[in-house]
Amino acid sequence: METVARTTKRLRTTASSEAQLRFLGGAGTVTGSSYLLEIEGAKLLVDCGLFQGSRKLKELNWSPFSFDPRAIDAVLLTHAHIDHVGLLPRLVRQGYAGPIFVTEATCALLNLVLPDSAHLQEQDALYAEKKGYSRHKPALPLYKIADAEATLKLLKPTKFREPVWFPEITATWQPAGHILGSAIIQLQNEKSSIVFSGDLGRFNSEIMKAPSPISEATTLLVESTYGNRIHGTESIEDSLTKELDYVIQRESVMLVPAFAVGRTQQILYVIRKLQDSGRIPNLPIYIDSPMAVDASGIYCKFGDDHNLDINLLMDNNECPLRCPETHFVRAVEESKALNDVRGPAVIISASGMCTGGRILHHLKWRLPHKDNLVVFVGYQAEGTRGRRLLEGADRIRIHGEEVPVKARIVQVPALSAHADQGELLTWLSAFGSAPKQTFITHGEAIGSRGLQGQISKRLGWATHIPGRGEVAAI
């Protein structure tokens, strides 16, 4: 797709006297990120994410939008993870027909993510209808593949650091280092500079570049996923070697719930590095996610977004995102056949929080066996199956059935693609002075409060943790 024109058409003719920001999601939780900005007479929606986790949160996905989708002038996206983009097809289904501005890599990823999400919605509805555990009669998908396809037609890709002009406002996307295409969004006019951090990546990643420093803002929204935590000093290689040794010794299976975009590629990179160095033997790695298979190929197209060697990425034998015995699983029947796999082996499948998808079928099969291992490599939101497993649940409900948990459950924080508390403070320290307003978002209460305390202590800034639905004048 061609890069969007640098100047957009006039959005509205009547400017409001006061800009305001409405926190629709990503407030008090790490899911459902969405913020409505009304400024200079325009209504701009930043992100439109799916709520994941508890039943109460997931029910929000079915609620009517608190605004008229047809009244929104433009949507601006930070990155392609489902908790930031997963409600877009529903927005379009309910009348939105305007532009959706994204980075070029995010555009490429959304062509995978949104149809895949819609397919899962439809498949989950069919399965729920078959098993009789849906509250809807008949079971309904949140949206359909046709809605995802309609959404893709609205995408307007833009390059990093090249501004898009709206009347009286410029919008610029700066690399955030979280996944391919992930961005910090800056909105500026003559009076103010509004910065949305999106999800910030790590400063020491071998794959992604570090988050871009931002020097000023009058209003700042900063994520706080790990606002109360430090990922620790143990290296990624040491952490993963320890867990791989566990399944090698027991000839069992390591099951890794992982986001298809970003985390899957990172795990493959680390395993390949360990195998090349001789720290672990070659063992079969099954990537049971059609989207993850396609997402890995996109790294070849966007070399400026990451630190990997493009020439190696294009070599099947030398590609750092492919192990010697990597098996990419696409068909449903191939996925079912993984039930017969004996260890030692690794199965990587989405979703990363165990909220849906093929990972649920693998959990049903592998959790009851004590020698198996489930390794979590990303944040597990409150109310998700992943969170309950990490908290020690001895039984977990999947597809209406109670599944006993006898497998070993661990988390490897070193593999997180989110900045921890120290890295968030490092990024904030690049600001030359305190923003007039700093909102701490995209975090559960403990994470947001932890970051708030450290910002006050180390930087001396006043901050606010907004609630969902809150409106702030800016």
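Whether any residue in the range 208-222 is touching a helix residue (DSSP H, G or I) at 6+ places or on another chain (Cβ under 9 Å), surrounded by fewer than 18 Cβ atoms within 10 Å (Cβ to Cβ) and over 16 Å from Gly352 (Cβ atoms) is what I want to check. Yes; the residues of the range 208-222 include at least one that is touching a helix residue (DSSP H, G or I) at 6+ places or on another chain (Cβ under 9 Å), surrounded by fewer than 18 Cβ atoms within 10 Å (Cβ to Cβ) and over 16 Å from Gly352 (Cβ atoms). Picking from residues in the range 255-287 that are modelled with pLDDT under 90 and under 17 Å from Thr355 (Cα atoms), the one that is surrounded by the most Cβ atoms within 10 Å (Cβ to Cβ) is Val261. Exactly one residue out of Tyr286, Tyr299 is of a type in the set (Ser, Thr, Tyr) and over 22 Å from Pro211 (Cα atoms), and it is Tyr286. Criterion applied to Asp304, Asp309 was being surrounded by fewer than 19 Cβ atoms within 10 Å (Cβ to Cβ), in the same structural domain as Pro281 (by TED's automatic domain parsing) and touching a Lys or Arg at 6+ places or on another chain (Cβ under 9 Å), and the one residue passing it is Asp304. The residues of the range 280-304 that are closer than 16 Å to Thr106 by Cβ and part of a loop (DSSP other than H, G, I, E, B) amount to a single one, Phe302.
Sort through Leu240, Leu220, Leu255 and tell me the only one that's in a strand (DSSP E or B) and not assigned by TED's automatic domain parsing to the domain that holds Gly447. Step by step, each of Leu240, Leu220, Leu255 is checked, and only Leu255 is in a strand (DSSP E or B) and not assigned by TED's automatic domain parsing to the domain that holds Gly447.
Count of the range 178-196 residues, restricted to those that are on the phi < 0 side of the Ramachandran plot and in contact (Cβ under 8 Å) with a residue 40 or more places away in the chain, is 13. Please count how many residues of the range 45-65 are in a strand (DSSP E or B) and over 20 Å from Thr78 (Cα atoms). Counting residues in the range 45-65 that are in a strand (DSSP E or B) and over 20 Å from Thr78 (Cα atoms) gives 0. Restricting the first member to the range 365-392 and to residues that are closer than 23 Å to Asn339 by Cβ and among the charged types (D, E, K, R), and the second to residues that are modelled with pLDDT under 95 and assigned to a loop (DSSP other than H, G, I, E, B), the beta-carbon pairs closer than 8 Å and six or more apart or on different chains are Asp371/Gly343; Arg385/Met353; Arg385/Cys354; Arg385/Thr355. The criterion of at least 3 residues that are surrounded by fewer than 15 Cβ atoms within 10 Å (Cβ to Cβ) and at pLDDT below 95 is met by none of the strands (runs of 3 or more DSSP E) falling completely within the range 376-474.
Could you grab me the full set of residues in the range 390-404 that are touching a Leu at 6+ places or on another chain (Cβ under 8 Å) and within 17 Å of Ile359 (Cβ to Cβ)? Of everything in the range 390-404, those that are touching a Leu at 6+ places or on another chain (Cβ under 8 Å) and within 17 Å of Ile359 (Cβ to Cβ) turn out to be Ile396, Ile398, His399, Val403.
Tell me, yes or no, whether the range 334-349 has at least one residue that is polar (S, T, N, Q), surrounded by fewer than 16 Cβ atoms within 10 Å (Cβ to Cβ) and in the same structural domain as Arg250 (by TED's automatic domain parsing). Taking every residue of the range 334-349 in turn, at least one turns out to be polar (S, T, N, Q), surrounded by fewer than 16 Cβ atoms within 10 Å (Cβ to Cβ) and in the same structural domain as Arg250 (by TED's automatic domain parsing). Scanning for something closer than 23 Å to Gln265 by Cα, over 20 Å from the mean Cα position of the chain (by Cα) and in contact (Cβ under 8 Å) with a residue 40 or more places away in the chain, does the range 393-409 turn up at least one residue? So far as the range 393-409 goes, no, none of its residues is closer than 23 Å to Gln265 by Cα, over 20 Å from the mean Cα position of the chain (by Cα) and in contact (Cβ under 8 Å) with a residue 40 or more places away in the chain.
The values are calculated or read from the model by the stated rules, or taken from the named source; none is laboratory data. This structure is a prediction, so every number in the text was calculated from the model and none was measured. As a convention, Cβ positions derive from the backbone with ideal geometry for all residues, glycine included, and neighbour counts pool all protein chains shown.
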